[in-house]
Amino acid sequence: MKISYLSTFYPFRGGIAQFNAALYREFEKTHDISAITFSRQYPNMLFPGETQYVTEKDDVDEIDSKIWLDSINPFSWLKTRKRIKKLSPDLILMKFWMPFFGPSLGASIAKQKQAKRIAILDNVIPHEKHIIDMPFTKYFLKRTDAYIVMSEKVRDDLLQLKPKAKYKLVKHPLYDHFGNKIDKIEARKTLGLDPNKKCILFFGFIREYKGLELLIQAFNQLDDSFELIIAGEVYGSFDTYDKHIEVNKNKERIHKHVKYIGDKEVPTYFSAADVCVLPYKSATQSGITSIAFHFELPMIATDVGGLKELIHHNITGEIIPEVSVDAITTGLNSFFEGDKTQTYIENIRKEKTEMTWEFLAKQILDLYASI
């Protein structure tokens, strides 16, 4: 089968590019696949992070991609459409994670009658809403034939906008390219942590909907046996979080690593921690859960979106029943009562067997056959 995979690839960095690279490598084992990526992904003025591109800190998979699509240049959309048509793919595969890309992706795959078009949906209705969201998303959905969703929340959002949509619900595969877990004592030494404290990790891009300020306030209510690592690049300003840290009685045990965490650094953070916390105010799914599963690190998350589909309460971690400071505090204390960690780790090891790139690729091909 000939597959054209239109999405983010090298030289762009981040979880979307990592996902696409892993799935591309699985498909290339048995199919003729071509990667197509952006000449411009986000305009610089719309990108709040440090850089969109890989750096020397990243251990990246340099997928050989065709750099065709400019997200804000309609002429490139039409040109990309013509170029894809010349490739004569049987399947056009895309990853869709925010409405901003609806017009460029939708126009690029429109009128491709020779191909079936499948989108892997991270979000349908975004966390941070804008007036353009629904028109742009609906435009994209009208030009796609079927969908892979990785949470019930995304499925429900899809069916709200496209009730008769063809889809498959598949677990998010593990990000397994980060390497192996390292010794916990060595990891904590590297990060300047006390080896005898209970270590909480907040990891990933820092955005308003992820509720970091709630976790910082909850940390203020814990005793001195805890440490908190904040690791990730902030989208916007960190000033609000710094204000919460400054008045925190436990601020000396809050360790800030507010930067993009390169792939080579990831094992250190996940090996040092006892638990990864997702205090989200809203969510569909999270790639952070995939990383935590890879490193066999239990998780605590608020009961929003599709997180409880990934983190099974009292099996692979714990779900906090409400989004509040007090509930998060209670959840943190509860997690460390008794000795449940090893049981969670053993259960994670069992569930990992279903979360493979091979399985996802097979589900996509099955969906293709059903269209």
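The values are calculated or read from the model by the stated rules, or taken from the named source; none is laboratory data. Source: prediction; values computed, not measured. Neighbour counts run over all protein chains shown; Cβ positions are idealised from the backbone, glycine included. When the accessible area is computed, the model is the full protein with side chains, heavy atoms only, and any ligands, DNA or RNA have been set aside. Shrake-Rupley method; radii C 1.70, N 1.55, O 1.52, S 1.80 Å.
Return one quarter of the surface area of the convex hull spanned by the alpha-carbon atoms of segment 265-307, equal to its mean projected area, in nm².
Its Cα hull, projected and averaged over all orientations, spans 2.9 nm².
Compute the distance in nm between two label points, each set 7 Å from the Cα along the Cα-to-Cβ direction, one at Lys166 and one at Gln363.
1.7
Could you estimate the translational diffusion coefficient of segment 206-363 from the Stokes-Einstein equation, with Rh from the Kirkwood formula over C-alpha pairs, at 4 °C and 1.567 mPa s, in whole µm²/s?
80
Given [x] 66, 48, 45; [y] 59, 58, 42; [z] 63, 42, 40 as candidate values of Cα extents along the principal axes in Å, which corresponds to the one derived from the coordinates?
Matching entry in [x] 66, 48, 45; [y] 59, 58, 42; [z] 63, 42, 40: [z].
Taking the Cα centre of the chain as origin, sum charge times position over the Cβ atoms of Lys and Arg (+1) and Asp and Glu (-1), and report the length of that vector in debye to the nearest 20.
2180
Using Cα pairs under 8 angstrom and six or more residues apart, how large is the relative contact order of the chain, in percent?
15
Using a simple spin-label model with points 7 Å from Cα along the Cα→Cβ vector, what separation in nm is obtained for Lys79 and Val258?
A separation of 4.0 nm, rounded to one decimal place.
Order Glu152, Glu233, Glu246 by their accessible area, 1.4 angstrom probe, all chains in place, largest first.
On the way: Glu152 85, Glu233 10, Glu246 115 Å².
The residues order as Glu246, Glu152, Glu233, largest area first.
Could you run the Karplus curve 6.51 cos²θ - 1.76 cosθ + 1.60 with θ = phi - 60° over segment 30-41 and give me ³J(HN,Hα) per residue in whole Hz, x for Gly and Pro?
Here the 3J(HN,Hα) series is 9, 9, 8, 10, 10, 9, 10, 10, 8, 7, 9, 8 Hz.
Gain in length, Tyr53 to Ser324, computed as 0.36 nm per residue apart minus the alpha-carbon separation, to one decimal in nm?
Gain on stretching Tyr53 to Ser324: 94.0 nm.
How much area per residue is accessible in segment 1-121 when the probe is 1.4 Å and only protein heavy atoms are counted (Å²)?
Computed with neighbouring chains in place, this is 43 Å² per residue.
Find which of Phe295, Phe27, Ile371 sits farthest along the positive direction of the dipole of the chain, computed with +1 on the beta-carbon of Lys and Arg, -1 on that of Asp and Glu, about the Cα centre.
Ile371
Once both labels are modelled 7 Å past Cα along the beta-carbon direction, what's the Asp64-Asn196 spacing in nm?
Once both label points are built, they end up 5.7 nm from each other.
Working with all protein chains in place, sort Asp242, Asp122 by solvent-accessible area computed with a 1.4 Å probe, largest first.
Asp242, Asp122
Once neighbouring chains are kept in place and the probe is 1.4 Å, which whole percent of the accessible area of the chain is contributed by carbon and sulfur?
Result for the chain: 51 percent of the exposed heavy-atom area is carbon or sulfur.
Using 1/(1 + (r/R0)^6) with R0 = 41 angstrom and r between the beta carbons of Asn180 and Lys243, what's the FRET efficiency to the nearest 0.05?
The formula returns an efficiency of 0.60 here.
Calculate for the chain the 222 nm mean residue ellipticity that helices alone would give, adding -39,500 (n - 2.57) per DSSP H run of length 4 or more and normalising by residue count, nearest 500 deg cm²/dmol.
-10500 deg cm²/dmol
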